[in-house]
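> To start, I am sharing the structure in question, which I have written as structure tokens.
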Amino acid sequence: PKRHHRPPIFLPHLVASMEEVEQTYIMIKPDGVQRGLVGEIISRFERKGFKLTGLKLFQCPKELAEEHYKDLQSKPFFPKLIDYITSGPVVCMGWEGVGVVASARKLIGATNPLNAEPGTIRGDLAVQTGRNVVHGSDSPDNGKREIALWFKEGELCAWAAVQEPWLME
Ligand code: ADP
């Protein structure tokens with residue numbers, strides 16, 4: 001018997017060219033975990049349309065926190081920052097997508113939550129710079145560097161999301 005007509009099957013990996021696809025490291029800081037904001041924060045990146053490539057709850061050792069924030073070593077708040085980041089478990093995430101680095105920074109909002117626009121994570125959910133609930137890489141190069149720093153190879157997944165043809169033309 002004649003088969004029914006089927007719509008074309010989109011191949012997600014053909015939708016966006018590989019150069020446009022970026023990786024960013026997003027981390028829910030210990031205050032975000034303690035305040036029960038993990039689901040809320042993950043939802044914002046999921047709903048936007050980005051793809052999760054890595055996810056773990058993790059107690060960060062001091063050395064890793066210092067390496068991650070090494071550019072801020074000379075700042076007066078550096079010791080406090082390391083204490084904050086190591087004060088409880090964090091949620092480490094890799095997110096992938098077209099323009100994901102800059103877009104995630106917009107979703108997160110300004111470093112000082114008092115300057116962060118309503119609608120952003122920090123604008124909606126935080127009050128102080130020293131308790132600003134989430135981290136996001138500030139460049140595609142740092143996105144790659146930070147994902148490599150926080151994840152071991154087997155902890156990351158490359159996968160095709162079925163929604164891709166409905167997110168990007
Ligand atoms: P962002 O996280 O927005 O990229 P920075 O890279 O400038 O901001 O700083 C990294 C983190 O260091 C901030 O998210 C915040 O947790 C902390 N921090 C920055 N400035 C201060 C400050 N003046 N006092 C306390 N903590 C700070």
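The values are calculated or read from the model by the stated rules, or taken from the named source; none is laboratory data. Since we're looking at a predicted model, the values are computed, not measured. Here the Cβ positions follow ideal geometry from the backbone for every residue, glycine too, while neighbour counts run over all protein chains shown. Note: areas computed on protein heavy atoms with side chains; ligands, DNA, RNA excluded. Shrake-Rupley method; radii C 1.70, N 1.55, O 1.52, S 1.80 Å.
> Take the chain, mark every one of the trypsin sites (Lys or Arg not before Pro) that falls in a DSSP loop and has at most 16 other Cβ within 10 Å, then report the longest stretch left between them, sites excluded.
Numbers: sites that count: LYS2, ARG3, ARG35, LYS152.
Result for the longest clean stretch: 36-151.
> Taking only protein heavy atoms into account and a 1.4 Å probe, give the accessible area per residue of segment 125-169 in Å². Kindly include the intermediate steps, with their values, before the conclusion.
Values: 2980 Å² over 45 residues.
Solvent-accessible surface per residue comes out at 66 Å².
> Could I ask something else about it? Relative to the longest principal axis of the chain, what angle (0 to 90°, nearest 10) does the C-alpha long axis of helix 140-150 take?
Relative to the chain, helix 140-150 is tipped by roughly 70 degrees.
> Which log10 I(q)/I(0) values, to two decimals, does segment 72-132 give at q = 0.19, 0.22, 0.26 Å⁻¹ under the Debye formula with one point per Cα?
-0.88, -1.05, -1.11
> With a cut-off of 8 Å between alpha carbons and a minimum separation of six or more residues, what is the relative contact order of segment 22-169 in percent?
Answer for segment 22-169 is 36 percent.
> I want to make sure I understand the PRE zone here: with the label point 7 angstrom from the Cα of GLN34 toward its beta carbon, which residues in segment 49-90 have backbone N atoms less than 16 Å away?
The answer is 58-60, 80-90, whose backbone nitrogens lie closer than 16 Å to the label point.
> Another question, then. Given charges of +1 on the Cβ of Lys and Arg and -1 on the Cβ of Asp and Glu, with all other atoms neutral, how large is the dipole of the chain about its Cα centre, in debye to the nearest 20?
Dipole about the Cα centre, nearest 20: 480 debye.
> Report LEU72's accessible area, 1.4 Å probe, all protein chains in place, as a number in Å² to the nearest 10.
50 Å²
> Still on this structure, I have one more. For the chain, list log₁₀ I(q)/I(0) at each q in 0.17 Å⁻¹, using the Debye formula over Cα point scatterers of equal strength and ignoring solvent, two decimals each.
Summing over Cα pairs of the chain leads to -1.05.
> Moving to a separate point now. Any idea what angle helix 38-48 forms with the longest principal axis of the chain, computed on alpha-carbon atoms, 0 to 90 degrees, nearest 10?
Between helix and principal axis, roughly 40 degrees.
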